[in-house]
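Right, one structure below, let's go through it.
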Amino acid sequence: MKKRSWKIIREFHCERYYRVKYAQSRINKILGAISNFYEFNFVDKKYDRIVVLTQEDQETNWKGWKNIAVIPNPVSFKCSEPSTLNEKTVSSIGRLHHVKNFSALIRIFGQVVKKHPDWDLKIYGNGEEEGIYQ
């Protein structure tokens, strides 16, 4: 077999078992499990490198795989001026989707408000859960 001169890389924007974990129906969960079995046991082993977004995903879902690399998905921006720290507001910005788990943020912030009732939580973004958090 002739050796190829290029590398084949696969990149995941979600955790390895996303299809099964977030399936909305039993049949989708079954189809997701079958697809994962085929893909992760036959297809993905042929890639030179698989890129995932978090160290946790690599350690939890890809343990023992030698061809995994982590390239985080940061959002970077520069503020034109530093905060005055006058407002007691926590802001969260992201895609409003159940996989982003804004409900956990709200639940945890509920604990903060018990001790600091003058603080506010503002959630910004759009997606299928738009209107739920705003």
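Below is a table of values for the structure above.
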quantity: Among E81, E56, E11: highest mean-square fluctuation, GNM of the chain, C-alpha pairs under 10 Å; calculated: E81
quantity: Percent RCO, i.e. relative contact order, over the chain, from Cα pairs under 8 Å lying at least 6 residues apart; calculated: 20
quantity: Per-residue SASA entry for W65, accessible area with 1.4 Å probe, Å² rounded to 10; calculated: 50
quantity: Reachable aspartates and glutamates from K114, criterion Cα separation under 12 angstrom, eight or more residues apart if same chain; calculated: none
quantity: C-alpha center-to-center spacing [the range 1-67, the range 76-134] in angstrom; calculated: 31
quantity: Reachable lysines, given that their alpha-carbon falls under 16 Å from the alpha-carbon of K21 and they are not under 8 places away in the same chain; calculated: K29, K100
quantity: Area accessible to solvent at K122, 1.4 Å probe radius, in Å²; calculated: 90
quantity: Difference of contour (0.36 nm per residue) and Cα-Cα distance, R10 to E39; calculated: 9.3 nm
quantity: Stretch gain in nm, segment K114-E130, where the contour uses 0.36 nm per residue and the Cα spacing is subtracted; calculated: 3.2 nm
quantity: Spatially proximal aspartates and glutamates relative to K3 (Cα-Cα < 13 Å; intrachain offsets below 8 disregarded); calculated: D48
quantity: Amide H partners (placed H, <5 Å) of I123, local residues excluded; calculated: S92
quantity: Listed values (1) 59; (2) 36; (3) 55, entry calculated as percent of Cα pairs over 22 Å apart; calculated: (1)
quantity: Potential extension, A69-S92 segment - 0.36 nm per residue separation minus Cα distance; calculated: 5.5 nm
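The values are calculated or read from the model by the stated rules, or taken from the named source; none is laboratory data. Quick caveat: nothing in here was measured; it's all calculated off a predicted structure. Heavy atoms of the whole protein, side chains included, go into the accessibility calculation; ligands, DNA and RNA do not. Shrake-Rupley method; radii C 1.70, N 1.55, O 1.52, S 1.80 Å.
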